[in-house]
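Here is the structure we will look at, set down as structure tokens.
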Amino acid sequence: MSPDTAVSTVLAQQHPEAEQLYFQLLSAPPADPFPDYHRLREMAPALLTGDGSTLVLTRHQDGDAALRNRNFGKGDEWLRLHVKDIPEAELRPVMERMQRSMILTNPPDHTRLRRVVSSAFTARHVAALRPSIERWNNELMDRLVADPGGDFMTTFAMPLPVHVISDLLGVPESDRPLIAPAIHDMGLLIEPAATSDEIVQGARAENTLAAYFSELLAEKRKNPGDDMLSRLIASEADEVLDETEAIATAILLFAGGNKPTANMLGNGLYALLETPGALERLRADRALIPSAVEEMLRYDAPAHVDIISVLKPTTFLGADLTAGQNVIIMLGAANRDPEVFAEPDSFEVGRTENPHLSFAAGPHYCLGGPLARIEGEVFLNRLLDRFSGVTLGEPELCAGLGHHGFEKLPITLHA
């Protein structure tokens with residue numbers, strides 16, 4: 001089957017009631033969006049907005065086909081929706097860098113950038129990070145033990161990927177507390193419900209990271225090491241990357257390897273604790289841990305939406321699309337599609353068929369997927385090794401679609 005071919009029998013349609021629901025989800029995401037996802041899929045699984053500018057997909061089959069379609073790719077139209085009221089000086093340097101990173105480039109530039117970075121995410125390199133991941137799991141779990149009822153997100157889920165990706169990149173440990181807060185704010189740039197003030201906040205955070213990595217890359221030029229940033233410098237010297245691309249790539253790797261993994265850990269732990277018998281089943285059969293991690297990713301994905309752009313005129317699901325239009329894949333809905341997943345609203349640690357779209361698909365499939373998986377597996381093994389149980393406090397959800405997870409998740413670990 002050609003990746004340009006949509007095999008779905010569903011045709012794109014306009015549907016005022018479905019469009020209203022879609023805009024409600026985008027502008028004010030509820031704490032539990034899944035009933036709305038099901039309603040949207042039932043009313044208009046391929047929704048064409050009234051102005052014809054956007055195609056919204058909620059079925060797994062259609063989302064997967066769109067992500068693999070060579071006529072679609074990444075563009076900045078989605079971000080420009082937010083920026084009408086933002087001073088150009090605030091946003092211009094951010095846009096220039098983002099347009100030079102993998103997140104907003106397409107082949108051949110995307111292929112060139114991805115080739116440089118992919119060397120750090122081979123099975124061998126990821127496996128080599130296991131001791132680092134185990135070390136940080138133990139240290140951060142010790143901090144949770146010392147603070148019964150403490151917040152899992154700020155004490156464990158957020159610091160863990162910061163340290164792991166920093167070890168990979170070569171970010172000094174002393175610098176990490178200074179730049180980690182910018183990750184949260186930068187995430188506002190991809191949040192559909194973000195206000196103009198929040199976009200400015202995100203842009204300033206990106207500028208902060210750019211200034212930091214510009215200085216760190218300069219230091220790596222003088223004193224290269226065995227780390228990813230030094231390899232970026234080598235690529236720059238070989239004229240594979242220029243300086244802007246190296247900075248943009250460093251920011252993308254640092255930020256991209258953090259918030260999504262933190263959300264995976266928080267969302268996954270919550271699902272495990274809220275599903276009777278799930279943790280005990282893993283304790284009895286550790287072989288289920290890899291499938292449990294996949295289910296953590298599917299059941300409540302770290303991001304519930306992916307946005308791609310039409311690169312050239314094409315017909316998709318019966319809709320005649322022109323360059324610059326947006327295609328919105330509702331990942332949270334696709335991952336609960338009953339045509340693909342049996343009992344999609346049930347959390348099943350032993351689920352064997354699990355082709356979720358949480359890492360996207362096609363050319364922009366997440367390079368960090370293998371690293372996130374091993375972080376999840378080490379976490380579950382360490383949790384079961386060290387503790388007999390976990391008590392959950394009152395959580396506080398961050399109801400976003402670009403990033404979907406908990407602001408606070410209080411827990412108590414029992415020896």
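State all residues of the range 169-215 that are farther than 24 Å from L232 by Cβ, of a type in the set (D, E) and free of Cβ contacts under 8 Å to residues at least 24 places away in the same chain; if no residue qualifies, say none.
Once the filter is applied, which keeps residues that are farther than 24 Å from L232 by Cβ, of a type in the set (D, E) and free of Cβ contacts under 8 Å to residues at least 24 places away in the same chain, the range 169-215 yields D197, E198.
Say whether the condition of being touching a helix residue (DSSP H, G or I) at 6+ places or on another chain (Cβ under 7 Å) and modelled with pLDDT under 95 is met by at least one residue in the range 51-67.
Quick first cut of the range 51-67, residues touching a helix residue (DSSP H, G or I) at 6+ places or on another chain (Cβ under 7 Å) only: 56-60, 63, 67.
Going one step further and asking which of them are modelled with pLDDT under 95, we end up with none.
No, the range 51-67 contains no residue that is touching a helix residue (DSSP H, G or I) at 6+ places or on another chain (Cβ under 7 Å) and modelled with pLDDT under 95.
Do you know which of the residues in the range 380-415 that are within 22 Å of D167 (Cβ to Cβ) and touching a helix residue (DSSP H, G or I) at 6+ places or on another chain (Cβ under 6 Å) is surrounded by the most Cβ atoms within 10 Å (Cβ to Cβ)?
Step by step, filter the range 380-415, then rank; the result is L380.
Regarding the range 183-194, can at least one residue be identified that is at pLDDT 90 or above and either within 20 Å of A262 (Cα to Cα) or in a loop (DSSP other than H, G, I, E, B) (or both)?
There is no residue in the range 183-194 that is at pLDDT 90 or above and either within 20 Å of A262 (Cα to Cα) or in a loop (DSSP other than H, G, I, E, B) (or both).
Tell me yes or no: at least one residue of the range 271-280 is of a type outside the set (D, E, K, R) and on the phi > 0 side of the Ramachandran plot.
Within the range 271-280, one or more residues are of a type outside the set (D, E, K, R) and on the phi > 0 side of the Ramachandran plot.
Please state which one of E88, E139, E96 is over 23 Å from the mean Cα position of the chain (by Cα), within 29 Å of E243 (Cα to Cα) and either surrounded by fewer than 19 Cβ atoms within 10 Å (Cβ to Cβ) or not acidic (D, E) (or both).
Just one listed residue meets the conditions, E88.
Name every residue in the range 4-23 that is under 22 Å from the mean Cα position of the chain (by Cα) and either of a type outside the set (S, T, Y) or over 15 Å from I328 (Cβ atoms) (or both), in order of residue number.
Matches in the range 4-23: F23 only.
Among the candidates S346, S309, S291, single out the residue that is polar (S, T, N, Q), buried (at least 19 other Cβ atoms within 10 Å of the Cβ) and more than 19 Å from V390 (Cβ to Cβ).
So the residue among S346, S309, S291 that is polar (S, T, N, Q), buried (at least 19 other Cβ atoms within 10 Å of the Cβ) and more than 19 Å from V390 (Cβ to Cβ) is S309.
Residues that are under 17 Å from the mean Cα position of the chain (by Cα) and under 22 Å from L40 (Cα atoms): list the strands (runs of 3 or more DSSP E) wholly contained in the range 295-371 that include at least 3 such residues. First the steps, then the outcome.
Working: elements: 306-310, 314-316, 319-321, 326-329.
Per the criteria, 306-310.
Please return the ranges of helices (runs of 4 or more DSSP H) entirely within the range 98-153 where 3 or more residues are of a type outside the set (S, T, N, Q) and modelled with pLDDT of 90 or more.
On the way: elements: 109-118, 123-128, 130-145.
Output list reads 130-145.
What residue, among those in the range 195-220 that are of a type in the set (V, I, T) and assigned to a helix (DSSP H, G or I), is nearest to T244 (Cα to Cα)? Steps first, please.
From the range 195-220, those of a type in the set (V, I, T) are 195, 199-200, 208; that's our starting set.
Filter again for assigned to a helix (DSSP H, G or I), leaving 199-200, 208.
Numbers: I199: 21, V200: 21, T208: 15 Å.
My answer is T208.
So D51 ticks every box in (1) part of a loop (DSSP other than H, G, I, E, B); (2) in contact (Cβ under 8 Å) with a residue 12 or more places away in the chain; (3) charged (D, E, K, R) but one. Which box is left unticked?
Condition not satisfied by D51: (2).
Checking the condition over 21 Å from the mean Cα position of the chain (by Cα), in contact (Cβ under 8 Å) with a residue 60 or more places away in the chain and either in a strand (DSSP E or B) or within 17 Å of H356 (Cβ to Cβ) (or both), which residue from L288, L279 passes? Walk me through how you get there before you give the answer.
Working: L279 fails: either in a strand (DSSP E or B) or within 17 Å of H356 (Cβ to Cβ) (or both).
Unique residue meeting the criteria: L288.
Please find, within the range 360-374, the residue that is nearest to A303 (Cα to Cα) out of those that are buried (at least 18 other Cβ atoms within 10 Å of the Cβ), of a type outside the set (A, V, I, L, M) and in contact with a Lys or Arg (Cβ under 9 Å, 6 or more places away or on another chain).
Looking at the filtered set, the residue picked out is H364.
Identify, please: which residue in the range 216-234 is surrounded by fewer than 17 Cβ atoms within 10 Å (Cβ to Cβ) and hydrophobic (A, V, I, L, M, F, W, C) and is, among those, nearest to I251 (Cα to Cα)?
Filtering first and then ranking leaves A218.
The values are calculated or read from the model by the stated rules, or taken from the named source; none is laboratory data. What you see is a predicted model, and the numbers here were worked out from it, not measured in a lab. Reconstructed Cβ throughout: ideal geometry from the backbone, glycine too, with neighbour counts over all protein chains shown.
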